[in-house]
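Report on one structure; see the data block that follows.
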Amino acid sequence: MKKFLVLALVSIVLLNCKKFDSDPTPPQQQCVYDSCAKKAPATEIQSVQDYLTTNNITAKQHCSGIFYEVVTEGSGATVTPCSYITVKYVGKLTNGTVFDQTQPGATYSNYLNNLIVGWVNGIPYVKPGGKIRLYIPPSLGYGSAANGPIPANSILIFEIDLVAVQ
């Protein structure tokens with residue numbers, strides 16, 4: 001009886017693995033993302049708007065609460081949340097402090113959906129060769145947790161050059 005149960009369990013596990021291995025849906029179609037699903041609180045959006053107004057910056061608002069300026073559109077492949085991207089970037093706080101950047105001549109690559117929500121929602125507005133500025137409310141960046149040189153609840157400003165998309 002025990003041998004029968006073990007055999008049945010092993011068969012079930014192997015059959016379930018087979019189902020996943022033979023999934024005919026291409027990986028691009030398995031990635032479903034709603035860019036408006038996570039929205040920053042109104043107070044955070046207002047703080048970003050206040051910063052933009054004070055600094056005479058004209059930026060568009062995304063439904064999630066990030067603001068963006070397309071500096072250069074670029075051309076070529078369209079970015080999706082599941083795209084593998086290569087970028088050059090500078091990240092700043094509202095006081096002008098640079099908290100992170102790619103080194104001269106270097107690039108950073110990752111799957112877009114592995115990055116902060118502000119990037120996932122903003123970068124698709126440009127194509128390779130494009131440049132965008134993102135103004136990200138705290139909850140769509142690093143939130144209420146300090147992250148290295150980034151204080152908790154910080155508005156993040158990124159200038160991003162999209163180098164390539166795969």
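The values are calculated or read from the model by the stated rules, or taken from the named source; none is laboratory data. None of these values were measured; they are calculated from a predicted model. Heads up, the Cβs are rebuilt from the backbone with ideal geometry, glycines too, and the neighbour counts pull from every protein chain shown.
Just give me the residues in region 141-166 being hydroxyl-bearing (Ser, Thr, Tyr) and farther than 16 Å from Trp119 by Cα, in sequence order.
The initial filter retains those residues of region 141-166 that are hydroxyl-bearing (Ser, Thr, Tyr), namely 142, 144, 154.
Selection gives Ser144 alone.
Within region 44-51, is even one residue within 19 Å of Asn121 (Cα to Cα), surrounded by fewer than 17 Cβ atoms within 10 Å (Cβ to Cβ), within 20 Å of the chain's Cα centre (by Cα) and among the acidic types (Asp, Glu)?
For region 44-51, residues within 19 Å of Asn121 (Cα to Cα), surrounded by fewer than 17 Cβ atoms within 10 Å (Cβ to Cβ), within 20 Å of the chain's Cα centre (by Cα) and among the acidic types (Asp, Glu): absent.
May I ask you to verify whether Ala8 is modelled with pLDDT under 95, touching a strand residue (DSSP E or B) at 6+ places or on another chain (Cβ under 6 Å) and over 15 Å from Ile136 (Cα atoms)?
Details: modelled with pLDDT under 95: yes; touching a strand residue (DSSP E or B) at 6+ places or on another chain (Cβ under 6 Å): no; over 15 Å from Ile136 (Cα atoms): yes.
It is false that Ala8 is modelled with pLDDT under 95, touching a strand residue (DSSP E or B) at 6+ places or on another chain (Cβ under 6 Å) and over 15 Å from Ile136 (Cα atoms).
Can you go through Asn114, Asn147, Asn95 and tell me which one is within 15 Å of the chain's Cα centre (by Cα), on the phi < 0 side of the Ramachandran plot and of a type in the set (S, T, N, Q)? Walk me through how you get there before you give the answer.
Details: Asn147 fails: within 15 Å of the chain's Cα centre (by Cα); Asn95 fails: within 15 Å of the chain's Cα centre (by Cα).
None of the others qualify; the one that does is Asn114.
What pairs can you find where one residue is in region 72-83 and over 14 Å from Lys131 (Cβ atoms), the other is hydroxyl-bearing (Ser, Thr, Tyr), and their Cβ atoms are less than 9 Å apart, with a gap of 6+ or different chains?
Ala77/Ser83; Thr80/Tyr33; Pro81/Tyr33; Pro81/Ser35; Pro81/Tyr111; Cys82/Tyr33; Cys82/Tyr111; Ser83/Tyr111
Could you please give the count of residues in region 67-106 that are at pLDDT 95 or above, of a type in the set (Val, Ile, Thr), surrounded by fewer than 16 Cβ atoms within 10 Å (Cβ to Cβ) and not in a strand (DSSP E or B)?
1
How about region 125-152: which of its residues are crowded, with 16+ Cβ neighbours inside 10 Å, free of Cβ contacts under 8 Å to residues at least 60 places away in the same chain and not small (Gly, Ala, Ser)?
Tyr125, Val126, Lys127, Pro128, Tyr142, Ile150
From the list Thr78, Thr107, Thr54, which one is among the polar types (S, T, N, Q) and farther than 19 Å from Leu162 by Cβ?
Values: Thr78 fails: farther than 19 Å from Leu162 by Cβ; Thr107 fails: farther than 19 Å from Leu162 by Cβ.
Every option except Thr54 fails the conditions.
For the list (1) farther than 18 Å from Val163 by Cα; (2) at pLDDT 95 or above, I need the number of the one condition that Gln29 fails.
Among (1) farther than 18 Å from Val163 by Cα; (2) at pLDDT 95 or above, the lone unmet condition for Gln29 is (2).
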